[in-house]
1. Output the number of the condition that B:LEU61 fails; it satisfies all remaining conditions of (1) more than 14 Å from chain A (Cβ to nearest Cβ); (2) surrounded by 16 or more Cβ atoms within 10 Å (Cβ to Cβ).
2. Considering the stretch A:79-135 alone, what residues qualify as being within 14 Å of another protein chain (Cβ to nearest Cβ), more than 16 Å from the chain's Cα centre (by Cα) and polar (S, T, N, Q)?
3. I'd like to verify a number: residues in the stretch B:1-60 that are under 19 Å from B:TYR130 (Cβ atoms) and assigned to a helix (DSSP H, G or I), how many?
4. For the stretch B:115-128: of the residues being in contact with a strand residue (DSSP E or B) (Cβ under 8 Å, 6 or more places away or on another chain) and within 14 Å of another protein chain (Cβ to nearest Cβ), which is farthest from B:ILE32 (Cα to Cα)?
5. Mind checking whether some residue in the stretch B:36-55 is within 14 Å of chain A (Cβ to nearest Cβ), surrounded by fewer than 19 Cβ atoms within 10 Å (Cβ to Cβ), in contact with a strand residue (DSSP E or B) (Cβ under 8 Å, 6 or more places away or on another chain) and modelled with pLDDT of 85 or more?
6. Looking at (1) in a loop (DSSP other than H, G, I, E, B); (2) at pLDDT 90 or above; (3) within 14 Å of chain A (Cβ to nearest Cβ), find the lone condition where B:THR98 falls short.
7. Name the residue that is nearest to B:ARG4 (Cα to Cα), counting only residues in the stretch B:24-35 that are over 15 Å from the mean Cα position of the chain (by Cα) and surrounded by 14 or more Cβ atoms within 10 Å (Cβ to Cβ).
8. Give me the pairs, please: first residue somewhere in the stretch A:57-75 and away from every other protein chain (no Cβ under 14 Å) and closer than 28 Å to A:PRO41 by Cα, second residue anywhere and among the small types (Gly, Ala, Ser) and surrounded by 19 or more Cβ atoms within 10 Å (Cβ to Cβ), beta-carbon distance under 6 Å, and either six or more positions apart or on two chains.
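The values are calculated or read from the model by the stated rules, or taken from the named source; none is laboratory data. Please read all numbers here as calculations on a predicted model, not as lab measurements. Cβ coordinates were reconstructed from backbone atoms using ideal geometry, including for glycine residues, and neighbour counts include every protein chain displayed.
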Amino acid sequence: MSVYYGTKETIITNVYNVLVSLYNSQTVDRQYVEPGNYGYPSIYINDTSQTRKRILKDVVLIEWTINLVLFVYDEGSTLSTTINTELDRVCDKLKDDPTRGGLAYNTEIERIDLEFEKPHAVALFTIKVIYLGQK
Amino acid sequence: MSLRNDCLTRLAVILASDSINTVVQTEDELDINLYTAAQLPLIAIKSIEEEPDYSVGRHALWTFGIVSKLYFLDARDTYTQKETLVAEIKNALGADPTLDGNCEVAVLTGIMDGGEFPLYTVEFSINIIYEKHIATA
């Protein structure tokens, strides 16, 4: 039976490791903190909400929404290019394995919001991870 | 035990094929939330209707309908499990069309897919036909 289960802890570890492989452990964080001395680009993971649907007595379908906040810094005139480049890198990396290492059934990038405040730009990814949990 | 119950009992045995973990008989729609993942694939057998097809003297050919609903968990992108289960059930029914001599024939009249990720269903509509005196059917 090709059914597998995940937990928040294992899935978020996968997301963290995927992002660390893009950047480094100093610029990837589990909580929202404005980047300080860590440098740019940097990315922060925030879990925001989830919906749970009971499927069986011991099986729950969970749609977990996670926000990724990406900060870039560019003093020159190419801020939009810089943020777009980083956006593509993050999207491609997330889409490499939508099962989050065989823990989930899909990872959907639902939307990306951009905010510019030169020399900074911020991208907010809203991603939904769909997985089965055991009660 | 009535002939009808004999047929249902035999049907439950037949449908409990290699891959089926649970077979239950139900009068109403099954509350699948009461079952665990380890109990799936599960088949719920439900009688729906019974009527005489024709009568000759005091005898009648009776038909009663059964819906056997198969529940199983699966990923969205694989249908191999469904194909395996459906084939097993069709072959099991085909190998014992008289339900061990309890009826004239058990006919599979329809198969309908249902459900959604991760819980899928396949409904088998089965007509069981037998001949019996109308006073004792």
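1. (2)
2. Residue satisfying the conditions is A:GLN134 alone.
3. 13
4. The selected residue is B:PHE117.
5. yes
6. Evaluating B:THR98 over (1) in a loop (DSSP other than H, G, I, E, B); (2) at pLDDT 90 or above; (3) within 14 Å of chain A (Cβ to nearest Cβ) leaves (3) as the failure.
7. Restricting attention to the stretch B:24-35, the residues satisfying the condition of being over 15 Å from the mean Cα position of the chain (by Cα) are B:31-35.
Adding the requirement that they be surrounded by 14 or more Cβ atoms within 10 Å (Cβ to Cβ) leaves B:32, B:35.
On the way: B:ILE32: 25, B:TYR35: 27 Å.
Applying the filter and picking the extreme gives B:ILE32.
8. So the pair list comes out as A:LEU70/A:ALA123; A:PHE71/A:SER42; A:VAL72/A:ALA121.
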